[in-house]
Protein chains: 2
Amino acid sequence: MQGDQHKQHISGQFNAELDAMKQHLLEMGGLVEQQMGLTMDALLHRDSGQAAAVIASDKEINAMELQIDEECSRILALRQPAASDLRLVLAVAKSTTDLERIGDEATKIARQAIKLSELPPSTGNSTELRQIGRHVSQMLRDALDSFARLDVRKAIEVVVDDGSVDTEYDSAMRSLVTLMMEDARNISGVLHEMWALRGLERVGDHATNIAEQVIYLVRGMDVRHMKPAELQDLLSEDAS
Amino acid sequence: MQGDQHKQHISGQFNAELDAMKQHLLEMGGLVEQQMGLTMDALLHRDSGQAAAVIASDKEINAMELQIDEECSRILALRQPAASDLRLVLAVAKSTTDLERIGDEATKIARQAIKLSELPPSTGNSTELRQIGRHVSQMLRDALDSFARLDVRKAIEVVVDDGSVDTEYDSAMRSLVTLMMEDARNISGVLHEMWALRGLERVGDHATNIAEQVIYLVRGMDVRHMKPAELQDLLSEDAS
């Protein structure tokens with residue numbers, strides 16, 4: 001009996017460690033979401049002060065990445081998790097990298113916001129930037145929600161949704177190229193908007209990577225590099 | 001005695017598995033290096049046939065990523081590695097992601113090469129593209145060499161070197177912007193060169209990530225987000 005109690009105690013501790021690790025990932029995700037919100041504000045209002053705040057907060061995100069990675073390594077070394085516990089640790093380890101990269105993109109977009117704030121206000125293309133910014137922020141939120149609730153259906157939707165961000169991106173990019181060709185005085189400003197747009201598109205890619213980790217975690221199936229049609233099939237299977 | 005022999009047998013098998021996993025990473029690296037070489041050729045000669053071959057070969061790289069990741073998970077689940085063995089598995093798992101992303105960048109650069117092949121040959125800026133292409137390909141080779149030989153000194157050099165790629169990138173980007181402003185007819189061509197340049201700069205970032213994993217693996221020290229000066233200190237420590 002005492003042996004059993006000891007085992008239960010150990011396994012209770014182990015579960016608490018796994019929960020804490022997942023919780024830290026979600027906290028890091030929350031911070032990155034907040035950073036993305038501030039970045040979009042800075043970009044759309046060409047607010048250099050806000051942009052500088054975003055750049056400064058990137059340190060905190062980097063520190064969280066290192067801390068969570070260390071937690072994952074410690075759990076792997078000391079607890080030797082198997083099956084779904086192992087998948088959880090690996091999914092967390094991969095997802096921190098993507099969250100950190102979203103933080104990097106936010107920093108780069110904030111730098112473009114600072115450059116834009118130094119230029120005379122141009123016609124620009126803020127409608128399309130706003131739209132894509134909202135879209136990828138929603139994808140990030142959904143990816144993190146799907147991780148929190150292990151909601152594979154929502155995760156699949158995020159992955160499928162990435163295709164429509166790419167379409168929006170192409171269309172926004174075309175209209176920026178047109179603006180540039182219409183008037184050479186637009187070139188500098190439009191270039192900064194293009195880099196910001198590119199950064200937003202990459203945020204969508206990283207949100208997708210996180211959602212793919214959720215599918216791997218829940219289903220034990222690696223869906224990276226699957227075609228959208230195959231994912232759609234997975235979605236209808238899941239509904240049935 | 002029989003028990004000892006059994007243990008030795010198991011540990012021999014385990015070492016063989018670790019060696020095979022590392023070997024597969026290096027093979028994937030070799031393929032990605034080759035793909036980068038073809039991409040640069042396609043870009044500099046605006047050779048759409050070669051570019052299409054690069055895009056087609058990306059599937060093979062994606063498949064290797066999935067296979068190596070599976071190998072890592074299997075080793076973690078069945079062998080429960082500790083200390084430096086665990087660091088090796090984790091470094092391999094992180095590095096495959098970076099190699100796969102380099103493959104993605106090569107594909108994106110190849111797409112720009114196809115677009116460029118459809119345009120009338122412009123003045124362009126191929127000297128600077130060639131130079132950065134060589135530089136980041138060298139960084140990738142050095143990062144993989146440092147992984148093969150666990151050469152931490154070379155790995156630190158790669159990380160430090162990334163700063164000079166960024167400087168070259170900024171200067172190349174400025175001269176492309178000038179070309180664009182000089183003559184609006186250059187806009188389309190120069191934009192494709194800009195995207196290619198951006199892709200090359202990211203290849204340098206991913207090579208740096210791989211080198212950082214080598215430092216983590218050998219020294220057990222996470223150097224991500226360290227300042228260049230701190231890394232220089234590490235380099236002089238290593239020399240002493």
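The values are calculated or read from the model by the stated rules, or taken from the named source; none is laboratory data. Computed from a predicted model, the values in this text were never measured in an experiment. No Cβ is skipped: glycine too gets one built from the backbone with ideal geometry, and neighbour counts run over all protein chains shown. Side chains included, ligands, DNA and RNA excluded: accessible areas come from the protein's heavy atoms. Shrake-Rupley method; radii C 1.70, N 1.55, O 1.52, S 1.80 Å.
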What gaps in nm, shortest first, separate residue A:232 from its twins in the other copies when you place the label 7 Å past Cα toward the beta carbon? 5.6
Relative contact order of chain A: what whole-number percent is it, with Cα pairs under 8 angstrom and at least 6 residues apart? 24 percent
Arrange the residues A:102, A:10, A:114 by how much accessible surface each exposes, largest first, with a 1.4 angstrom probe. A:10, A:114, A:102
For segment B:66-124 and segment A:51-70, compute the distance between their C-alpha centroids and round to whole Å. 24 Å
Estimated FRET transfer efficiency (residue A:5, residue B:141; beta-carbon r; R0 60 Å; 0.05): 0.60
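Which values, in whole Å and largest first, are the semi-axes of the equivalent ellipsoid of segment A:12-239 obtained as the square root of 5 times each eigenvalue of the Cα gyration tensor?
Here the semi-axes work out to 35, 21, 11 Å.
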How far is residue B:149 from the same spot in each other copy, in nm, shortest first, if each label point sits 7 Å from Cα toward Cβ? 5.4
How far, in whole Å, is the closest Cβ of chain B from the axis that maps B onto A, and which residue does it belong to? B:80, 2
Paramagnetic reach from residue A:52 in segment A:97-123 [backbone N under 14 Å; point 7 Å along Cα→Cβ]: A:111, A:114-115, A:117-118
In segment B:137-193, what trypsin sites (Lys or Arg not before Pro) fall in a loop by DSSP, with at most 10 other Cβ atoms inside 10 Å? none
Tell me, what is the 1.4 Å probe accessible area of residue A:45, in Å² to the nearest 10? 120 Å²
Could you tell me how many degrees, from 0 to 90 and to the nearest 10, lie between the Cα long axis of helix A:48-79 and the main elongation axis, the longest principal axis, of the Cα atoms of chain A? 20 degrees
Copy-to-copy label separations for residue B:163, where each label sits 7 Å from Cα toward Cβ, in nm and ascending: 4.6
I'd like the accessible area for residue A:147: 1.4 Å probe, protein heavy atoms, all chains in place, Å² to the nearest 10. 0 Å²
Whether the protein assembly as shown is rounded, prolate or oblate, judged on the alpha carbon gyration tensor where a/c under 1.5 counts as rounded: prolate
Considering chain B as a Gaussian network with a 10 Å cut-off on Cα pairs, which listed residue, B:69, B:19, B:58, attains the greatest mean-square fluctuation? B:19
For chain A, longest principal axis from Cα atoms; helix A:187-219 axis from its Cα atoms; angle between them, nearest 10 degrees, is 20 degrees
Can you pick out the pairs among A:59/B:115; A:154/B:22; A:108/B:154 whose Cα atoms lie more than 31 Å from each other? A:59/B:115; A:154/B:22
Rounded, prolate or oblate (a/c below 1.5 giving rounded, otherwise prolate when a/b exceeds b/c) for segment B:56-178 by Cα gyration tensor: oblate
Return one number: the angle in degrees, 0 to 90 and rounded to the nearest 10, between the long axis of the Cα atoms of helix A:126-149 and the longest principal axis of the Cα atoms of chain A. 0 degrees
Does a label point 7 Å from the Cα of residue A:31, set along Cα-to-beta-carbon, have any residues of segment B:192-209 with amide nitrogen under 18 Å, and which are they? none
